[in-house]
Amino acid sequence: MSIDNFLKKIADRGGIASSNNYDVQFNLTGEVKNAVKNYYDAEVIKLLCDEAQLPNVSTATSSIKGRYLGEGDVNYASARVFSTFQLGFILTADLMPLKFLQSWNDYIFGEHDAKPLRNNSTEGLRTTDRLDKRRSVKLAYPDEYRCEVRVIKTEPGPDSMDERGSIVYVMENCWPSEIDAVPLAYGNNQVTKVTAQFQYERHYIINNDLKGRQYRPPKDSMIRQN
């Protein structure tokens, strides 16, 4: 196959996929929306999500032995295994994505009702007790805190950077099981980030064929180039 034919076949499949084009969508329950309402803006959270994973596919196997004389163990598929997936967020100065994830997790354990801050200052943070030290833990029902999360792989198009969507991973009954530590250190100033691991019940995919829909620059940009 010649290079020209190879490039044509790649173009017919929409071009080469880029790793920095994707979209993350949270379909929160009403209870979680109420718990995170001060720290959740769908568009802002989506734009601050600078790292996402398309979940892996894993299959559990069992084995059978003795079907035929002299045959050893033969493996066969017995179940689908759904592991965690990770999302990473760039933090704003008020730590909006971290507060969103933490408030979601707090709701699971009944710690979303807190005393108000004494005053809006660092001193107020030092002197306010957020929760009663003798509090009990009351878990929320799974149907209240689990939601659907969609990770959409997109590609740029003539009108926007996410115009062409090739595949969607739909995670059912999803919730943040781990919020990773956020490192802070003196030295060079760096962008602060937080990552979280999400458990989910299962996922499925929705495919979209991009064949013949390769990226073409907008007509007005072509005019300016000429």
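Please work out the Kirkwood hydrodynamic radius for the stretch 71-213, using every pair of different C-alpha atoms, and report it in angstroms with one decimal place.
19.3 Å
Loop-only chymotrypsin sites (Phe, Trp or Tyr not before Pro) in the stretch 1-90, please: DSSP not H, G, I, E or B, and at most 14 other Cβ atoms within 10 Å.
Tyr68
Give me the percent relative contact order of the chain, please, defined on Cα pairs under 8 angstrom at least 6 residues apart.
Relative contact order of the chain: 26 percent.
Counting Lys and Arg as +1 and Asp and Glu as -1, each charge on the Cβ, what is the dipole of the chain about the Cα centre in debye, to the nearest 20? Please list the in-between numbers first.
Values: 29 positive and 30 negative charges, 30 e Å.
Magnitude of the dipole: close to 140 debye.
Rounded, prolate or oblate: which one fits the stretch 1-74, using the alpha carbon gyration tensor with axes a ≥ b ≥ c (rounded when a/c is under 1.5, else prolate when a/b beats b/c, else oblate)?
oblate
Residues of the chain: accessible area per residue at 1.4 Å, in Å²?
Computed with neighbouring chains in place, this is 68 Å² per residue.
So what's the angle, to the nearest 10 degrees on a 0 to 90 scale, between helix 3-12 and the longest Cα principal axis of the chain?
50 degrees
Roughly to the nearest percent, how much of the accessible area of the stretch 1-102 is carbon and sulfur, given a 1.4 Å probe?
52 percent
If we sort 52-61, 127-136 on the protection proxy, mean other Cβ atoms within 10 Å, highest first, what's the order?
52-61, 127-136
Using the charge dipole of the chain (Lys, Arg: +1 at Cβ; Asp, Glu: -1 at Cβ; taken about the Cα centre), state which of Val36, Val137, Ala60 has its Cα farthest towards the positive end.
Value: Ala60.
In terms of the Cα gyration tensor, with a ≥ b ≥ c the square roots of its eigenvalues, is the stretch 1-130 rounded because a/c is under 1.5, prolate because a/b exceeds b/c, or oblate?
Oblate shape, in that a/c is at least 1.5 and b/c is the bigger or equal ratio.
The values are calculated or read from the model by the stated rules, or taken from the named source; none is laboratory data. Because the structure is a prediction, the values reported are computed rather than measured. Don't worry about glycine lacking a Cβ; one is built from the backbone with ideal geometry, like all the others, and counts go over all protein chains shown. Side chains are part of the model used for accessible areas, which takes the heavy atoms of the whole protein and leaves out ligands, DNA and RNA. Shrake-Rupley method; radii C 1.70, N 1.55, O 1.52, S 1.80 Å.
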